[in-house]
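Here's the structure we're looking at; comments come further down.
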């Protein structure tokens, strides 16, 4: 979805745990920032031009600053390493957002589950639920206590079971859902292994519709899924035309190229990052036509509306797709 890119200044850096660095971002002139709700994230354009997504983990009531946190991953794609090694207090960084595909929905009780750096969106959720005196509990796991950021902060908000793996082993998911009331909503952010475990343990107990995820990477895809095979019917990717309304051109998208690749040739200012449909950077408004979705972000309700799509993996069900780009 097209959004304005602003430039924010790094006001503070803080080492929150072994390997986790937080940044506090503010408007250079002290102006108020856009409002956001727990679960939201921003696109951060690093000095190298790399675009990465970071969940907001500060206080949604604070309109003066955004706080994010990054786990340094030596074998990652380079974004977190750049934040740790190159970004400094006083630097101006381009920011787009906030955007939210992980928002809290009404429920009688909430079970929040975080794995490692997945604590970032969960922390803001816990803060909101605590402020509203909502019914909630949380389960927070990590490799060791020293690597787990914001432990004291989230424990100060309510009932949190902190479980470092080197002390307690894997999270007791079955125990966590054993006594929760009917209608409980589960919000989980962490590595793919944790998400799959939550789906297999909590899904049967509470129903798949009660489980809400935020991913670090592309999900595990089952081979037999026609949705993952390239088109909705499992056939080879189709050829179609895309009209870029604001750019003012119509382009052909051949079967062997992605929609994003073609769009970038006409509008190189489109933000993108993962190219696997899980980060949301390339979300674009659909003005006409029927998009074919292959992302792991949009809910089925959002897909049915057909108002936006992730152009890195999406295609078109109609001969022509019209985008706000």
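The values are calculated or read from the model by the stated rules, or taken from the named source; none is laboratory data. What you are looking at is a predicted structure, and each value in this text was computed from that prediction instead of being measured. Backbone-built Cβ (ideal geometry, glycine too); neighbour counts: all protein chains shown.
Descriptive notes on the structure:
- The lone exception for residue 49 - which of (1) in a loop (DSSP other than H, G, I, E, B); (2) in contact (Cβ under 8 Å) with a residue 12 or more places away in the chain it fails: (2)
- Residue within region 63-76 that is free of Cβ contacts under 8 Å to residues at least 12 places away in the same chain, in contact with a strand residue (DSSP E or B) (Cβ under 6 Å, 6 or more places away or on another chain) and either surrounded by 22 or more Cβ atoms within 10 Å (Cβ to Cβ) or part of a strand (DSSP E or B) (or both) present: no
- Screening region 234-325 for strands (runs of 3 or more DSSP E) wholly inside it with 3 or more residues that are in contact (Cβ under 8 Å) with a residue 60 or more places away in the chain returns the ranges 240-244, 283-288, 320-323.
- Index of the failed condition, residue 78 passing every other in (1) out of contact with any helix residue (DSSP H, G or I) (no Cβ under 8 Å at 6 or more places or on another chain); (2) on the phi < 0 side of the Ramachandran plot: (2)
- Exactly one residue out of 193, 203, 183, 217 is at pLDDT 90 or above, under 25 Å from the mean Cα position of the chain (by Cα), within 30 Å of residue 172 (Cα to Cα) and part of a loop (DSSP other than H, G, I, E, B): that is 183.
- Any chance residue 89 is buried (at least 19 other Cβ atoms within 10 Å of the Cβ) and in contact (Cβ under 8 Å) with a residue 40 or more places away in the chain: no
- Contact map, region 126-147: first residue under 16 Å from residue 172 (Cα atoms), second residue assigned to a loop (DSSP other than H, G, I, E, B), Cβ cut-off under 6 Å, separation 6 or more or different chains; pairs are 137/159; 139/171; 141/171; 142/148.
- Scan region 11-40 for residues that are in contact (Cβ under 8 Å) with a residue 40 or more places away in the chain, surrounded by fewer than 19 Cβ atoms within 10 Å (Cβ to Cβ) and within 18 Å of residue 149 (Cβ to Cβ) and the total you get is 3.
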